Amino acid sequence: MGRARDRGAHSRVRAGREAFDGGLAAPAKSVRKAFSWAAGLNWHLTRSVKQVVHFERTTYTGGAAEGGDRPAENVLFVRTQLAF
């Protein structure tokens, strides 16, 4: 049945006040903060076949009309790799 390995990660990005004060970003349109987390599973079926499943979700503060928050984004990757 092979072997499996789980994976996880997170990250955070925050735009500095300088970006908005210096005119590099528009306060009413730009994301101020973003936080993402990810989880995945690598399954090695045999020495030459690997299945990868990876899910990531990112949430935002700012970046939407009228000062609201941009909608969260989700992504799911599924990959089969042969002869690696």
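Here, each number is a calculation from the coordinates, and none is a lab measurement. In this text the structure is predicted, and so the values were computed from the model without any measurement. With ideal geometry, Cβ positions are generated from the backbone for all residues, glycine too; neighbour counts draw on all protein chains shown.
So what is the relative contact order for the chain, in percent, with contacts set as C-alpha pairs under 8 Å and at least six apart? Write out the running numbers ahead of the final one.
Numbers: 180 pairs, mean separation 24.4, N = 84.
Dividing the mean separation by the residue count of the chain yields 29 percent.
Rg and Dmax in Å for the range 3-82, alpha carbons only: what are they?
Expressed in Å, the Cα Rg and Dmax of the range 3-82 come to 17.9, 55.
Packing-wise, with mean Cβ within 10 Å as the measure, how do 52-58, 6-12 rank, highest first?
Sorting 52-58, 6-12 by mean packing, highest first, produces 52-58, 6-12.
Report the charge-dipole magnitude of the chain in Debye, nearest 20, computed about the Cα centre from +1 at each Lys and Arg Cβ and -1 at each Asp and Glu Cβ.
Numbers: 14 positive and 7 negative charges, 93 e Å.
It works out to roughly 440 debye.
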